[in-house]
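**Q** One structure coming up, written as structure tokens, with questions to follow.
Values quoted throughout were computed directly from the atomic coordinates according to the rules given, and no laboratory measurement underlies them. Owing to the predicted nature of the structure, the values given are computational and were not obtained by experimental measurement. No Cβ is skipped: glycine too gets one built from the backbone with ideal geometry, and neighbour counts run over all protein chains shown.
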Amino acid sequence: MTKLYLVRHGQTKWNIESRAQGSKNVELTDEGRNQAILLAERMKNYRIDAIYSSDLDRAYETAKILGNTLNIEVKKIDGLREMSFGEWEGLTNEEIQKDYKEHYTVWRNDPHKANIPGGEKLLDVQKRGLAAIYRIVKENKNKNIIVVSHGVTIKSIILGVMDIDLSYFYKIRQDNTSMNLIEYKSYGPVLVTLNNTSHLENMK
């Protein structure tokens, strides 16, 4: 059986400031690095065979912390990167609501129909994310794999793997360094764990 551990990157300054990160490179905060260290300690309890990551710095740094602890080389895949938010990148939620009210309303109520100026469509993010996941799973049959990616991308991947419509995008939550487990059984994929952050319970 193949086990896929989908992990969101650690905290960044823009996470704290509620800014749209998208395809921009934003580094982890010290807390984000500590989150990754705690997750890495947790993952030592499992037999991990491979680690893949988005090519964006915040995901790759998270993956490298995991890889250093588990003694596994990290492989970058650009298909795992975050959704491009175009003109919204670097703006706070308040600024987006003020300056792009109509587009923001669609994004919040019908995210699968949103056309963010200069950005990607959610369906396109899901397509490239799923393509990367399907390739990773195919190349690592009966192995345990960690994939480090981003909130929007991970949620769209989970919905796609579960055959759930993208309109349910906001029904899923992904916290920093949350871990999701999908097991690939003979009859198909099964979502075993969603948004698990138990490794962070002792953080102050």
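**Q** Only counting other Cβ atoms within 10 Å, I'd like Ser23, Ser156 sorted with the fewest neighbours first. Let's see the in-between values first.
**A** Values: Ser23 18, Ser156 27.
Exposure proxy ranking, most exposed first: Ser23, Ser156.
**Q** Oh, and also: Given the C-alpha atoms of the chain, compute the convex hull and give its volume per residue in Å³. Kindly include the intermediate steps, with their values, before the conclusion.
**A** Values: hull volume 21.9 nm³, N = 204.
With only Cα atoms used, the chain gives 107 Å³ per residue.
**Q** For the stretch 120-204, state the average projected area of the convex hull of the C-alpha atoms over all orientations, rounded to one decimal in nm². Don't skip to the answer; put the middle values down first.
**A** Numbers: hull surface 25.5 nm².
Over all viewing directions, the stretch 120-204 projects a mean Cα-hull area of 6.4 nm².
**Q** I would also like to ask the following. Give Lys3/Lys155; Lys44/Lys171; Lys24/Lys141; Lys75/Lys171 a once-over and call out the pairs whose C-alpha atoms are over 26 Å from each other. Can you show the working numbers first?
**A** Values: Lys3/Lys155 17 Å; Lys44/Lys171 30 Å; Lys24/Lys141 33 Å; Lys75/Lys171 30 Å.
Too far apart for the 26 Å limit: Lys44/Lys171; Lys24/Lys141; Lys75/Lys171.
**Q** Roughly how tilted is helix 57-70, in degrees to the nearest 10 and between 0 and 90, from the longest Cα axis of the chain?
**A** With both axes taken from Cα atoms, the answer is about 10 degrees.
**Q** Continuing with the same structure: Any chance you could get the radius of gyration and Dmax over the Cα atoms of the stretch 56-175, in Å?
**A** That works out to 15.7, 49 Å for Rg and Dmax.
**Q** For each of Arg58, Arg42, count neighbouring Cβ atoms within 10 Å of the residue's Cβ, then give the residues from fewest to most.
**A** Arg42, Arg58
**Q** Given an 8 Å cut-off on Cα distances and at least 6 residues of separation, report the relative contact order of the stretch 3-85 as a percent. Write down the numbers at each step before the final one.
**A** On the way: 121 pairs, mean separation 27.5, N = 83.
Relative CO of the stretch 3-85 lands at 33 percent.
**Q** Arrange Tyr100, Tyr46, Tyr170, Tyr187 by Cβ neighbour counts within 10 Å, fewest through most, would you? Please report the intermediate quantities before stating the final value.
**A** Details: Tyr100 18, Tyr46 14, Tyr170 11, Tyr187 6.
With the sparsest Cβ surroundings first, the list reads Tyr187, Tyr170, Tyr46, Tyr100.
**Q** Which percent, nearest 5, of DSSP beta bridges in the chain are antiparallel?
**A** Numbers: 14 of 27 bridges.
Percentage antiparallel, nearest 5: 50.
**Q** Then there's this: Principal axis lengths of the stretch 124-171 from Cα atoms, whole Å, largest first?
**A** Reported extents, whole Å, longest axis first: 31, 19, 18.
**Q** Any idea what diffusion coefficient the stretch 22-127 gets from Stokes-Einstein, in µm²/s, Kirkwood Rh on alpha carbon pairs, 20 °C, 1.002 mPa s? Show your work: numbers first, answer last.
**A** Numbers: Rh = 15.6 Å.
Diffusion coefficient, whole number: 137 µm²/s.
**Q** In addition: Taking the Cα atoms only, what angle lies between the long axis of helix 30-43 and the longest principal axis of the chain, rounded to 10 degrees?
**A** 40 degrees
**Q** Mean-square fluctuation check for the chain, GNM, Cα pairs under 10 Å: which of Glu73, Glu139, Glu183 is largest?
**A** Per the Cα network of the chain with a 10 Å cutoff, Glu139 tops the list.
**Q** Determine the relative contact order of the chain: mean sequence separation of Cα pairs under 8 Å and six or more apart, normalised by residue count, in whole percent.
**A** Numbers: 410 pairs, mean separation 64.9, N = 204.
Result for the chain is 32 percent.
**Q** Taking a cut-off of 15 Å, what percent of all Cα-Cα pairs in the stretch 78-118 are separated by more than that? Numbers along the way, then the final one.
**A** On the way: 332 of 820 pairs.
Of the Cα pairs, 40 percent sit more than 15 Å apart.
**Q** What distance in nm separates the simple spin-label points at Lys101 and Asp124, each placed 7 Å from Cα in the Cβ direction?
**A** If labels sit at Lys101 and Asp124, their model points lie 2.8 nm apart.
**Q** Here's something else I'd like to know. Between Asn93 and Ile164, what's the calculated FRET efficiency when r is the beta-carbon distance and R0 is 35 Å? Round to 0.05. Walk me through the numbers before you get to the answer.
**A** Numbers: r = 25 Å, r/R0 = 0.72.
With R0 = 35 Å, the Cβ-Cβ based efficiency is 0.90.
**Q** So how compact is the stretch 28-82: Cα radius of gyration and Dmax in angstrom?
**A** In order Rg, Dmax, the Cα atoms of the stretch 28-82 give 10.8, 28 Å.
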